[in-house]
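Colleague: Shown below is the structure under consideration.
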Amino acid sequence: MRRDYIEYLIVLLENVRNNLREQKIKTKFDLTEWVNKNECGTTACAIGHAALDPLFQKRGLRLMWEDPSPIKSKIIKSPDDIDRLYDKKKYGDPAYSYIYFYIKYGDLENFDAVKSFFRFQRPGIASILFSVSSYPSNNKSLRNVIARLKYLLKYGEDRLYNKFR
């Protein structure tokens, strides 16, 4: 496991949380948030925020979206790129009625990409950390994602897996 990447991700996510507090915006961070913007202004789930970070981007982590006409993948480089997509959807452009985002690292996608990027050894760790189905329905907050990341650093993959699978 890349401890340095996990430590950096924790700082990144804590900064997202702190920025929301400083702006006095009610935090409504949700792992399910891929298609609709939250009222707090966040536009991605936890791993989506990682993929928008320049340091992680330099190391090959990507947030992608599929352009439906014609279908091809495009890289999202910043929250501004997401804003432009949502504007097209909001103003009724039929080509943007459904926007599909995904994570990419090398030739891998989604949880396989996350597993490889962070060099997790145990299958299922990426899903336990970042999948909406791994959290209770009333507990999909940024604070809880950060807590699981800290638990991973403190106790390792095996204990995280056994506790949250």
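Colleague: Would you confirm whether any residue within segment 119-131 is modelled with pLDDT of 75 or more, polar (S, T, N, Q), surrounded by fewer than 16 Cβ atoms within 10 Å (Cβ to Cβ) and closer than 25 Å to ARG148 by Cα? Lay out the reasoning, then the answer.
Modeller: Looking only at segment 119-131, we keep the residues that are modelled with pLDDT of 75 or more, and these are 119-131.
Then keep just the ones that are polar (S, T, N, Q); that gives 121, 127, 131.
With surrounded by fewer than 16 Cβ atoms within 10 Å (Cβ to Cβ) added as a condition, the list becomes 121.
Checking which are closer than 25 Å to ARG148 by Cα leaves us with 121.
Yes: segment 119-131 contains one or more residues that are modelled with pLDDT of 75 or more, polar (S, T, N, Q), surrounded by fewer than 16 Cβ atoms within 10 Å (Cβ to Cβ) and closer than 25 Å to ARG148 by Cα.
Colleague: Now for a separate question. Only one of (1) surrounded by 14 or more Cβ atoms within 10 Å (Cβ to Cβ); (2) at pLDDT 80 or above; (3) more than 26 Å from SER133 (Cα to Cα) fails for HIS49. Which number is that?
Modeller: Of everything listed in (1) surrounded by 14 or more Cβ atoms within 10 Å (Cβ to Cβ); (2) at pLDDT 80 or above; (3) more than 26 Å from SER133 (Cα to Cα), HIS49 misses just condition (3).
Colleague: Please go through segment 87-111 and pick out each residue that is buried (at least 16 other Cβ atoms within 10 Å of the Cβ) and either farther than 27 Å from GLU7 by Cβ or not hydroxyl-bearing (Ser, Thr, Tyr) (or both).
Modeller: Our first condition is that a residue be buried (at least 16 other Cβ atoms within 10 Å of the Cβ); within segment 87-111, this holds for 89, 96, 99, 101-105, 110-111.
Matches in segment 87-111: LYS89, TYR96, ILE99, PHE101, ILE103, LYS104, ASN110, PHE111.
Colleague: Considering only residues that are exposed (fewer than 12 other Cβ atoms within 10 Å of the Cβ) and under 19 Å from GLU7 (Cβ atoms), which ones fall in segment 151-165?
Modeller: Selection gives LYS154 alone.
Colleague: Taking segment 79-115 on its own, how many of its residues are farther than 18 Å from ASP53 by Cα and either in contact with a His (Cβ under 7 Å, 6 or more places away or on another chain) or of a type in the set (Asp, Glu) (or both)?
Modeller: Residues in segment 79-115 being farther than 18 Å from ASP53 by Cα and either in contact with a His (Cβ under 7 Å, 6 or more places away or on another chain) or of a type in the set (Asp, Glu) (or both): 4 in total.
Colleague: In segment 132-147, what count of residues is obtained for those that are exposed (fewer than 14 other Cβ atoms within 10 Å of the Cβ) and at pLDDT below 90?
Modeller: 6
Colleague: Given the criterion more than 19 Å from ALA147 (Cβ to Cβ), part of a helix (DSSP H, G or I) and modelled with pLDDT under 80, identify the matching residue among ASP67, ASP4, ASP87.
Modeller: Values: ASP67 fails: part of a helix (DSSP H, G or I); ASP4 fails: modelled with pLDDT under 80.
The conditions single out ASP87.
The values are calculated or read from the model by the stated rules, or taken from the named source; none is laboratory data. The structure presented is a predicted model; accordingly, all values stated were derived computationally and were not measured. Glycine also receives a Cβ, built like all others from the backbone with ideal geometry; neighbour counts cover every protein chain displayed.
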